[in-house]
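Undergrad: Quick one: the structure is below, questions incoming.
The values are calculated or read from the model by the stated rules, or taken from the named source; none is laboratory data. Note that the coordinates shown come from a computational prediction; the quantities given were computed from them, not determined experimentally. Please note: Cβ atoms are built from the backbone with ideal geometry, for glycine as well, and neighbour counts cover all protein chains shown.
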Amino acid sequence: MILTKVALSLLVAMAQAWTLDSRELIPEDGSSLAERRLPKASKVRGVNLGSQFIIEEWFTKDSWKNMGCYGWYDEWNCVKALGQAKADEVWKNHWNTWITEADIKQIKEIGLNTVRIPVGFWMRESLVYANEYYPRGGLPYLDRIVGWCKKYGVYVIIDLHGAPGSQSPNEEFTGHILYQGVNPPQFYTSTNYERALKFLEWMTNRIHTNGNYTTVGMLQVLNEPVRGGVNATDMRKNFYPKAYERIQAAEAKLNVAKADRLHIQFMGTSWGSGDPREFLPSTEMAFFDAHRYLSFDNRIEGTKKAYITQACKDNMGTNVTVGEWSLSVNSTLKNTPEFKYEGQETWYRAYWAAQAESFERSNGWIFWTWKCDGVEDWRWCYKKAVEAGVIPKDAGSAAALSPFDAIRKARLWVQSLKPQNLHSSLYAQPLKPRYPAEDLLALVNTDIRKPFDMAEVVVRIVDHSRVSVFKPSYGKNLLTCWAEIHGFRSGIIGNQTPVIHPDEASKGAQFIRLCDQGNIPIIYLHNVTGFMVGSKAERETIIKKGAQFVAAVSCSQVPRISVILESSYGAGNYVMCGRAYEPRFMFTWPSGRCSVMGPDQLAGVMDIVQSGSAAKKNLGKAAKVLSSSYKASIEKFRQKVEKESQAYYASTNLLDDGIIDPRDTREVFLFECCSP
């Protein structure tokens, strides 16, 4: 028994060394956001900005009362009671103060990468009838919030939360509560479908034509419609397909490139309105939303163990984001001594981790909601839960809190330790990448000053787009990971930024040695200009660590392939296994460039040397004439070096083994790296 506990502790410790920062670049089922992608992320971790544009009184009590809305329970009736002009005034104050730039900044700082913004159709004011009561003037505040999201690199989902005629009975979130049996929802008519479609078209146009909306990547066509019945069927048949078509038609009219098209989100099958895919013309850009509130699941036995167990068992499926969830439990339990939020922080921390970890097996999660007022219970309020220490300040630490995930990761890690046979695939039928190779034509940024995400390249090359990342929190500018390519286990090293710092050099050396010990071939993906220089880098032992990196490359005994994707200059070319270190093959993409020094760098050095020489000789006015002439010659030389660094020149002079089409990279790796 003692031995078992020790072994389990070791497994958990090993697994935690690989989690959560060592999360796969995409979930196990392969789902991710392919286009209009999250910046350097593949798991959605976010919060809803609830009550910003559709106020729900139950968690916005103080603000609602201060607006003069006490006694009313939806926006419609408060606007009607206050009068339109007065309502517009008080709502503008609310929009201006509820979510601020400080909120978006904090959201980013605590490890979240996404916000979901619920909006009502009345934000497009021309769609509102004269006999309808909604606040006016919200659009500039939406523009401002998405602008802040752009500033801080936060992904945005805009969600049609309140539809024309109200889509769900008895709900504040529609903006107009219609009570079942008294005045049922009126959304399910051709007229109101058309109003919603016009809203979606308008919002699509705004997203693609307003610079503030750069990180808006998903548009949800409708939040929480009715479950079951003729209305749900009619919606799936007559509204969902048109919503998909009209959004894509609006993008086609604007000539939006495929990589910039919006994902179109529908409530998933688990919501209970049927299969949203049933009548869709295509599912290429479709994503699905699941709202998983365990507090409303009456099948769960009322014990802490039962809640954790159910959270760990949940499987949301492919292309699904859990767009709403909370830390609440059943209303009959939430105030009992066992579950009351005060004094139970430790258990709720595990409850959060179990749910977050489960949802990250799919595409990720968005907590309901970010902010509350007049409510002390943090089980619905992410910001308060962080302040209470229940949710960690790093949203990516769910797995580190989950022993179940630690054990799973340990199993995968131990499985990878088996000896590698370079001439035998691990699988009879390896899985293809989840994302099309065609995307590789547009991923590389040819401006060396603007790095691209090497991870996006990798997931389009490796089996099932799955990787195991080595030390992702250390030396972040160097991507090091293991993956299978046609069933052959391979190590991959890629430059996230063109400059190699001391930490990246140390990490690269360690990774190469591990691959050598495991007999794992290494693939080098180049976008590098060299090592960081300067006194700070020298204090951080760049010379020592750089030498270790070079030594590891030169002493490596496993098969190696180098591919120059963009730039490969100077010492950076050496440590990425350039021609001098005899990789088995060295290929170049058409966008690749290779030289002893980058053209701009070389021209700059020559200019500095010449200027210094003229100053020392004290040539006076003659120096200016010489300088002008010399600058012209430097520019001419720079252009010559630029030309001779390009892929076609290098291949013509046999400096590599040929130019390959980026789309063929995966097949080239199969035949060259893993062949006898």
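Undergrad: With respect to residue 309, determine if the residue is assigned to a loop (DSSP other than H, G, I, E, B) and either of a type in the set (Asp, Glu) or surrounded by fewer than 22 Cβ atoms within 10 Å (Cβ to Cβ) (or both).
TA: No, not satisfied.
Undergrad: Further, regarding this structure: Residue pairs, Cβ under 7 Å, 6 or more apart or interchain, first in the stretch 141-160 and closer than 18 Å to residue 218 by Cβ, second part of a helix (DSSP H, G or I) and of a type in the set (Gly, Ala, Ser). List them.
TA: If the second residue must be part of a helix (DSSP H, G or I) and of a type in the set (Gly, Ala, Ser), the pairs left are 160/196.
Undergrad: Of (1) of a type in the set (D, E, K, R); (2) assigned to a loop (DSSP other than H, G, I, E, B); (3) closer than 24 Å to residue 143 by Cα, residue 224 satisfies all except one. Which?
TA: If we test residue 224 against (1) of a type in the set (D, E, K, R); (2) assigned to a loop (DSSP other than H, G, I, E, B); (3) closer than 24 Å to residue 143 by Cα, just (3) comes out false.
Undergrad: Identify, please: which residue in the stretch 529-562 is at pLDDT 90 or above and either among the aromatic types (Phe, Trp, Tyr) or in contact with a Pro (Cβ under 9 Å, 6 or more places away or on another chain) (or both) and is, among those, farthest from residue 592 (Cα to Cα)?
TA: 558
Undergrad: Still on this structure, I have one more. Is the stretch 278-286 home to any residue that is farther than 26 Å from residue 375 by Cβ, of a type in the set (Asp, Glu), more than 19 Å from the chain's Cα centre (by Cα) and surrounded by fewer than 17 Cβ atoms within 10 Å (Cβ to Cβ)?
TA: Checking the stretch 278-286: at least one residue is farther than 26 Å from residue 375 by Cβ, of a type in the set (Asp, Glu), more than 19 Å from the chain's Cα centre (by Cα) and surrounded by fewer than 17 Cβ atoms within 10 Å (Cβ to Cβ).
Undergrad: With the structure loaded, tell me whether residue 324 is surrounded by 21 or more Cβ atoms within 10 Å (Cβ to Cβ) and of a type in the set (D, E, K, R) or whether it fails that test.
TA: yes
Undergrad: Do we have any residue at all in the stretch 511-518 that's over 21 Å from residue 454 (Cβ atoms), among the charged types (D, E, K, R), out of contact with any His (no Cβ under 6 Å at 6 or more places or on another chain) and modelled with pLDDT under 90?
TA: no
Undergrad: Name the one entry in 566, 538 that is surrounded by fewer than 20 Cβ atoms within 10 Å (Cβ to Cβ) and of a type in the set (Asp, Glu).
TA: 538 is the lone residue from the list that is surrounded by fewer than 20 Cβ atoms within 10 Å (Cβ to Cβ) and of a type in the set (Asp, Glu).
Conditions (1) part of a loop (DSSP other than H, G, I, E, B); (2) more than 20 Å from residue 318 (Cβ to Cβ); (3) touching an Asp or Glu at 6+ places or on another chain (Cβ under 7 Å), marked per residue:
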| position | (1), (2), (3) |
| --- | --- |
| 434 | yes, no, no |
| 438 | no, yes, no |
| 441 | no, yes, no |
| 446 | yes, yes, yes |
| 450 | yes, yes, no |
| 471 | yes, yes, no |
| 476 | yes, yes, no |
| 479 | no, yes, no |
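Undergrad: Restricting the stretch 341-388 to residues that are assigned to a helix (DSSP H, G or I) and within 20 Å of the chain's Cα centre (by Cα), which is modelled with the highest pLDDT?
TA: The residue in question is 382.
Undergrad: For the stretch 652-676, how many residues are touching a strand residue (DSSP E or B) at 6+ places or on another chain (Cβ under 9 Å), more than 22 Å from residue 442 (Cα to Cα) and either aromatic (Phe, Trp, Tyr) or at pLDDT 80 or above (or both)?
TA: The total comes to 3.
Undergrad: Quick one: how many residues across the stretch 198-221 are farther than 14 Å from residue 116 by Cβ and in a loop (DSSP other than H, G, I, E, B)?
TA: So the answer is 2.
Undergrad: Then there's this: I'm trying to understand the selection: among the residues of the stretch 437-449, which are without any contact (Cβ under 8 Å) to a residue 12 or more places away in the chain and closer than 19 Å to residue 493 by Cα?
TA: Once the filter is applied, which keeps residues that are without any contact (Cβ under 8 Å) to a residue 12 or more places away in the chain and closer than 19 Å to residue 493 by Cα, the stretch 437-449 yields nothing.
Undergrad: Among 83, 111, 71, which is in contact with a strand residue (DSSP E or B) (Cβ under 8 Å, 6 or more places away or on another chain), surrounded by fewer than 20 Cβ atoms within 10 Å (Cβ to Cβ), over 20 Å from residue 166 (Cα atoms) and not charged (D, E, K, R)?
TA: Being in contact with a strand residue (DSSP E or B) (Cβ under 8 Å, 6 or more places away or on another chain), surrounded by fewer than 20 Cβ atoms within 10 Å (Cβ to Cβ), over 20 Å from residue 166 (Cα atoms) and not charged (D, E, K, R) holds for just one of 83, 111, 71, which is 111.
Undergrad: So residue 441 clears everything in (1) farther than 30 Å from residue 108 by Cβ; (2) crowded, with 16+ Cβ neighbours inside 10 Å; (3) at pLDDT 85 or above except one condition, right? Which one?
TA: Answer for residue 441: the failing condition is (2).
Undergrad: Continuing with this model, one more query. In the stretch 262-279, how many are in a loop (DSSP other than H, G, I, E, B) and either touching a helix residue (DSSP H, G or I) at 6+ places or on another chain (Cβ under 9 Å) or under 17 Å from residue 247 (Cα atoms) (or both)?
TA: The total comes to 9.
Undergrad: Scan the stretch 529-562 for residues that are more than 14 Å from residue 507 (Cα to Cα) and of a type in the set (A, V, I, L, M) and report the count.
TA: Number satisfying all stated conditions: 6.
Undergrad: Name every residue in the stretch 483-497 that is closer than 16 Å to residue 460 by Cβ, crowded, with 23+ Cβ neighbours inside 10 Å and not hydroxyl-bearing (Ser, Thr, Tyr), in order of residue number.
TA: 483, 485, 492
Undergrad: Those residues that are under 15 Å from residue 162 (Cβ atoms) and of a type outside the set (A, V, I, L, M, F, W, C), I need them from the stretch 212-244; list them, please.
TA: Of everything in the stretch 212-244, those that are under 15 Å from residue 162 (Cβ atoms) and of a type outside the set (A, V, I, L, M, F, W, C) turn out to be 220, 223, 224, 225.
Undergrad: Shifting gears a bit: Among what's in the stretch 483-519 and is in contact (Cβ under 8 Å) with a residue 60 or more places away in the chain and either in a helix (DSSP H, G or I) or of a type in the set (D, E, K, R) (or both), pick the residue that is nearest to residue 532 (Cα to Cα).
TA: Here the answer is 505.
Undergrad: Quick one: residue 202 ticks every box in (1) under 26 Å from residue 316 (Cα atoms); (2) among the hydrophobic types (A, V, I, L, M, F, W, C); (3) surrounded by fewer than 23 Cβ atoms within 10 Å (Cβ to Cβ) bar one, so which box is it?
TA: Here residue 202 clears every test but (1).
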